[in-house]
1. Scan the stretch A:60-99 for residues that are in a helix (DSSP H, G or I) and touching an Asp or Glu at 6+ places or on another chain (Cβ under 8 Å) and jot them down.
2. Suppose we keep only residues that are closer than 16 Å to A:ALA59 by Cα and crowded, with 17+ Cβ neighbours inside 10 Å within the stretch B:29-47. Which one would you say is farthest from the other protein chains (Cβ to nearest Cβ)?
3. Can you pull out the residues in the stretch B:107-135 that are part of a loop (DSSP other than H, G, I, E, B) and either more than 13 Å from chain A (Cβ to nearest Cβ) or farther than 12 Å from B:LEU80 by Cβ (or both)?
4. If you take the residues in the stretch B:48-63 that are part of a loop (DSSP other than H, G, I, E, B) and in contact (Cβ under 8 Å) with a residue 24 or more places away in the chain, which one is farthest from the other protein chains (Cβ to nearest Cβ)?
5. Quick check: is even one residue across the stretch B:136-149 within 10 Å of chain A (Cβ to nearest Cβ) and either among the aromatic types (Phe, Trp, Tyr) or assigned to a strand (DSSP E or B) (or both)?
6. Report, by residue number, each residue of the stretch A:100-118 that is farther than 19 Å from A:GLU26 by Cβ, small (Gly, Ala, Ser) and assigned to a strand (DSSP E or B).
7. Restricting attention to the stretch A:68-75, does a residue exist that is in contact with a helix residue (DSSP H, G or I) (Cβ under 9 Å, 6 or more places away or on another chain) and modelled with pLDDT under 95?
8. When residues of the stretch A:76-98 are filtered for being within 21 Å of B:GLY56 (Cα to Cα) and either within 14 Å of chain B (Cβ to nearest Cβ) or buried (at least 24 other Cβ atoms within 10 Å of the Cβ) (or both), how many remain?
Amino acid sequence: MTSPPIAPQKFIEALPFARALNMTLEEIGDGRAEISMPWDARFVGDPATGVIHGGAVSALMDTCCGAAVLSFPGASSTATIDLRIDYMRAARPGARITARAECYHATRSVAFVRATATDGESDTPVASAAGAFVIERLNSEGKP
Amino acid sequence: MSRPAPEPVQVVKQRRDAALAALVDGVPYIGFLGVRFERLGDELTAILPFDDKLIGNPALPAIHGGVTASFLEVTAIIELSWAMIWADMESGKLDPLTLDREHLPRLPKTIDFTVDYLRSGLPRDAYARARVNRFGRRYASVHVEAWQDNRTRMFAQATGHFLMPAREGTE
């Protein structure tokens, strides 16, 4: 993985599945990240309503949380240990979903992250997430 | 008195396979991931054939954590929906041949889903099976396990809670 600061375009380009879901990195830095994903008929989980599948939202949340960890000062790479997603309401069909993640604490090897996803429709998020991630640190020479 | 003759095996198989196909084919995201299901009686195994687009870490390479989460959640929802329609289908209350995109039973909705990443997903096919641990009127609790080469070495597991759709006679 790239060391911070991460070139926004490079980050998504380096992740084939994030590219497959048409994700866009909106902001990143200092343990925070914002990534959005457009609505797409191929990502629908409930054909009766046109609502995006929870799995696609999970993928967005996981990517965004991982990006937040990578942008934490001194991080060199990361991997998900566990991730819990609460689906608070259905995302509006057709709406872009934006995830915002924050790495709020990191020990030498574990990073704790929380995130929310919104669809611009109301102040209530579509989903929230909390997870633990492995964090690999750069050494004193700034190398992985 | 004589019992009615048992249904011919191909009739039973056709009914069950048609119901499963309608359920799976109705969900676009399952097709996007390339997930398919194999059925042995009422037991389902989900299969995720490896594809380059599923990669999350090209350096290893490893399957994207979001793919793993999606695969587990898809498996849980199909298993739960399958359990939901099985009884109706076998009793003849539900005719699978009338099931299509417009006439699917309402799917359960995910309340929460927790994924435990045990080891990185290798660039090869993955398999998953789900178990419904609680099948209530309001909500269900489902556990899912995914593995690759070796059934006893899971690479991920998950537990999720699902809101059950309103069903006839249960309101």
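1. A:CYS64, A:ALA68
2. B:VAL35
3. Those that are part of a loop (DSSP other than H, G, I, E, B) and either more than 13 Å from chain A (Cβ to nearest Cβ) or farther than 12 Å from B:LEU80 by Cβ (or both): B:LEU118, B:ARG119, B:SER120, B:GLY121, B:LEU122, B:PRO123, B:ARG124, B:ASP125.
4. Only one residue fits best here, namely B:PRO49.
5. no
6. A:ALA106, A:ALA111
7. Yes - at least one qualifying residue is present in the stretch A:68-75.
8. 11
The values are calculated or read from the model by the stated rules, or taken from the named source; none is laboratory data. Everything quoted here is computed from the prediction, not taken from an experiment. Here Cβ is always computed from backbone atoms with ideal geometry, including for glycine, and neighbour counts include all displayed protein chains.
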